[in-house]
Amino acid sequence: MQRNTVQRQIIINALQRLKHPTVLEVNDEVQKDHPTISKTTIYRNLRQMDQEGLICQLWIKGDAERYDTNPALHYHFKCKDCGNIHDLELEYINEINQAAQQGHPHKIENHDIIFSGICQDCA
C-alpha cells in the first residue's frame, strides 16, 4: 500500500468533491489550488488507488474513463441527456455471476451494469 502523500490527499479531496470524474476533471479541480501537481502525478495516483481498492475505475461505453470513490460493488446510471453518472441504491445481485458461470469455463468474479435513461433533473 502506498503511503498517503500530500499530493495523494489533495487528489482524494478532489475526488470527494466531484461525482464520478474523468482524469481531466480531477486534474482541473486539483489545478485550481495546486498548479504544481502534474497530470502524470494525478494519473499515477488514481491508478495506484484503483489497484489498492481505495477507488474504482469506471469504463462506460462512449465515455472517458472515470473514477468512483465507492470501491464496493454497485451499479451506475448514466443520463442520456446530460451525461451525468449516478450511483444506484440497488443491492448487488451475486446470482447474476452464478447464472453466467453455468456452462462456461471462465471464472466469473463480478459484473458491471450501467443503466441508462433520463435523470430526474433532465426529465
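Summing +1 for each Lys or Arg and -1 for each Asp or Glu among the other residues whose beta-carbon sits under 11 angstrom from that of L18 gives -1. Residues whose amide H comes within less than 5 Å of that of I113, counting only those at least five positions distant or on another chain, are H76 (H built at 1.01 Å from N in the peptide plane). Each distinct pair of alpha carbons in the chain adds a 1/r term; the inverse of their mean, the Kirkwood radius, is 16.1 Å. Against the main long axis of the alpha-carbon atoms of the chain, helix 39-51 sits at an angle near 40°. This ranking places L18, L46 by how few other beta-carbon atoms lie within 10 Å of each, fewest first, which gives L18, L46. In segment 27-80, inverting the average of 1/r over every pair of distinct C-alpha atoms gives 12.6 Å as the Kirkwood radius. Rounded to the nearest whole Hz, the Karplus-based 3J(HN,Hα) values (6.51 cos²θ - 1.76 cosθ + 1.60, θ = phi - 60°) of segment 97-112 follow the sequence 4, 5, 5, 5, 5, 4, x, 10, x, 6, 9, 7, 9, 7, 9, 10, with x at glycine and proline.
Only the coordinates and a few stated rules stand behind these numbers; no lab work does. As the structure is a computational prediction, the values presented were derived from the model and not from experiment. Backbone-built Cβ (ideal geometry, glycine too); neighbour counts: all protein chains shown.
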